[in-house]
Amino acid sequence: MSLNSLFLQTDRRRFLAQAGGGAGMLAAGGLLQMEHPAAIAQTHHPARAKRVLWLFMHGGPSHVDLFDPKPALTRYAGQPLPESFGNVMTRRNVARNPLLPPLRRFRPRGESGLQISDFLPQIAREADDLCVIRSLHGDSVNHPQSVYQMNTGSILMGHPSVGSWVAWGLGSENADLPAFIVLPDPGGGLKGGPVAWASGYLPASSQGVTLRPGDSPVPALTSSLGLAREQELRNLSLIRSLNRSHLIQRDFDDQLTARLAAYEMAFRMQMEAPAVVDLREETAATQQLYGMDQPQTREFGQRCLLARRLLERGVRFVQLYSGDTNGWDAHNDVESNHSEYCGRTDQPIAGLLRDLRQRGLLEDTLVIWGGEFGRMPMSEQGTGRDHNPWGFCAWLAGAGIQGGRAYGATDDIGLRAAQDRVSINDFHATILHLMGIDHELLTWFHNGLDKRLTGPDQAHVVHQLINAG
């Protein structure tokens with residue numbers, strides 16, 4: 001059994017304790033080499049996905065206006081919530097507000113006839129690649145807790161994110177780039193903060209590294225000392241030597257090892273990252289495909305194109321956020337809010353899917369679209385909708401996903417997941433499965449327990465989403 005497969009079945013601290021200092025010396029030797037090959041991890045079973053791109057729509061897009069058509073909402077528009085659906089109470093008691101019909105028409109799309117709203121005409125053209133999960137459900141009506149749960153499996157902060165688990169379990173295919181990169185919305189203000197892509201109790205080297213287009217892709221990465229390159233290399237060589245001695249004297253402490261690995265990665269990224277984020281080498285046709293020729297779609301299109309460049313260079317997990325402090329949080333006016341955010345993202349996401357397909361990357365790249373929850377079928381302030389964690393949508397594409405269909409269903413008005421319900425833990429178990437990882441075996445020993453992404457409760461891989469063979 002390989003070293004990497006052992007790591008997947010037990011936590012690293014316990015493994016080093018069992019294997020003794022020799023394994024620690026091997027780990028340190030690999031860590032402290034300036035030039036080293038990319039890690040190649042063995043998976044628990046054949047992987048359908050080599051990499052993941054998660055398009056996170058921060059704020060909570062309205063499933064009943066985008067991907068979950070509900071004729072009953074049109075039929076009962078303006079009426080109170082029917083008694084048969086029960087008294088749903090939130091902090092705003094929205095159960096007393098009348099039902100708000102879908103704001104745009106749903107139409108059958110592609111050869112499959114999958115229904116998608118007119119809010120997203122370009123993504124709708126890719127319908128035959130999409131599997132829309134219409135039965136997701138979570139546990140919190142609040143943004144921070146729901147952002148945590150969708151990213152880490154728990155409504156409490158301090159747990160590792162999905163990307164961190166994948167990065168720790170599989171590593172990167174490019175030794176000069178992190179395994180997990182985050183492309184945040186330039187408006188900032190994610191509710192829950194960077195904890196959403198943190199490594200929690202996993203080594204710090206597996207946390208998400210934020211990157212952005214432009215001359216300074218990584219904050220504080222460029223040297224501010226004004227040293228010549230040769231002098232900087234000599235300084236770094238001395239620091240490496242001192243760090244090696246420091247690490248050996250402390251019995252290869254895992255937290256110190258993770259910190260040194262982060263420093264080594266930062267140095268290598270000084271060389272690699274500027275070339276990756278330079279989009280000028282892309283053709284005009286490619287830039288147009290991503291909407292970079294239009295003011296409304298330029299910024300998000302740049303990040304989608306950067307995401308593709310990272311994926312094809314061996315980054316294992318890329319997470320791209322749409323939405324600043326409020327984002328898709330359409331409490332006051334769904335029409336205005338979703339017109340803006342769909343307008344920003346529709347063309348770039350559709351172009352990204354087409355580009356991945358043309359380059360042969362979609363076959364082994366898992367693309368995820370979704371937010372932290374959906375929105376209520378009832379109105380708020382007349383034209384808005386409140387948060388709805390009890391039933392909402394996400395979609396998957398690529399990497400063995402059976403496209404052109406919907407899986408599961410909410411009830412007649414889109415309030416609760418009702419058929420083939422998919423918990424967030426099920427969702428995460430399925431992502432790991434597609435990456436070749438058994439979610440029950442990828443664990444980390446913490447506070448006397450074997451921790452895992454999918455938590456202590458039972459979680460299931462949703463095999464029905466995946467093409468056979």
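When we screen 411, 364 for residues that are acidic (Asp, Glu), in contact with a Lys or Arg (Cβ under 8 Å, 6 or more places away or on another chain) and more than 21 Å from residue 124 (Cα to Cα), the only hit is 364. Within the stretch 92-151, restricting attention to residues that are among the charged types (D, E, K, R) and at pLDDT below 95, the residue that is farthest from residue 412 (Cα to Cα) is 92. I need a count of the residues in the stretch 334-357 that are more than 20 Å from the chain's Cα centre (by Cα) and surrounded by fewer than 17 Cβ atoms within 10 Å (Cβ to Cβ). Result for the stretch 334-357: 5. If you check 345, 297 for being modelled with pLDDT of 95 or more, in contact with a strand residue (DSSP E or B) (Cβ under 7 Å, 6 or more places away or on another chain) and in a helix (DSSP H, G or I), only one passes: 345. Being modelled with pLDDT of 90 or more and more than 18 Å from the chain's Cα centre (by Cα) is the requirement here; does residue 283 meet it? Judged against the criteria, residue 283 is a match.
Scanning the stretch 67-82 for residues that are crowded, with 24+ Cβ neighbours inside 10 Å and either over 15 Å from residue 136 (Cα atoms) or of a type in the set (Phe, Trp, Tyr) (or both) yields one hit, 67. Among all residues of the stretch 456-465, there is at least one that is in contact with a Cys (Cβ under 9 Å, 6 or more places away or on another chain), more than 18 Å from residue 171 (Cβ to Cβ) and buried (at least 19 other Cβ atoms within 10 Å of the Cβ).
Among the conditions (1) under 18 Å from residue 309 (Cβ atoms); (2) modelled with pLDDT of 65 or more; (3) surrounded by fewer than 20 Cβ atoms within 10 Å (Cβ to Cβ), residue 201 misses just one, which is (1).
Checking each residue in the stretch 180-198 for being in contact (Cβ under 8 Å) with a residue 60 or more places away in the chain and either within 13 Å of the chain's Cα centre (by Cα) or surrounded by fewer than 23 Cβ atoms within 10 Å (Cβ to Cβ) (or both) picks out 180, 181, 182, 183, 184, 185, 186, 187, 188, 189, 191, 197. Reported count of residues in the stretch 204-250, each being assigned to a helix (DSSP H, G or I), within 34 Å of the chain's Cα centre (by Cα) and modelled with pLDDT under 75, is 4.
Within the stretch 381-417, track down each residue that is of a type outside the set (A, V, I, L, M, F, W, C) and within 15 Å of residue 61 (Cβ to Cβ). Hits for the stretch 381-417 are 384, 385, 386, 387, 388, 389, 391, 410, 414. Checking every residue in the stretch 126-145 against the condition of being more than 25 Å from residue 420 (Cα to Cα), touching a strand residue (DSSP E or B) at 6+ places or on another chain (Cβ under 8 Å), surrounded by fewer than 17 Cβ atoms within 10 Å (Cβ to Cβ) and of a type in the set (D, E, K, R) gives zero matches.
Filtered by the rule that a residue be without any contact (Cβ under 8 Å) to a residue 24 or more places away in the chain and surrounded by fewer than 18 Cβ atoms within 10 Å (Cβ to Cβ), the stretch 407-446 gives a lone residue, 440. Kindly establish whether residue 448 is of a type outside the set (Val, Ile, Thr), in contact with a Ser or Thr (Cβ under 8 Å, 6 or more places away or on another chain) and at positive phi. Spelling it out, it is not the case that residue 448 is of a type outside the set (Val, Ile, Thr), in contact with a Ser or Thr (Cβ under 8 Å, 6 or more places away or on another chain) and at positive phi. Exactly one residue out of 360, 404, 400, 371 is surrounded by fewer than 20 Cβ atoms within 10 Å (Cβ to Cβ), within 24 Å of residue 315 (Cα to Cα) and in contact with a helix residue (DSSP H, G or I) (Cβ under 8 Å, 6 or more places away or on another chain): that is 400.
The values are calculated or read from the model by the stated rules, or taken from the named source; none is laboratory data. If you're wondering where the values come from, they're calculated on a predicted model, not measured in any experiment. All Cβ positions, glycine included, derive from the backbone under ideal geometry; neighbour counts span all protein chains shown.
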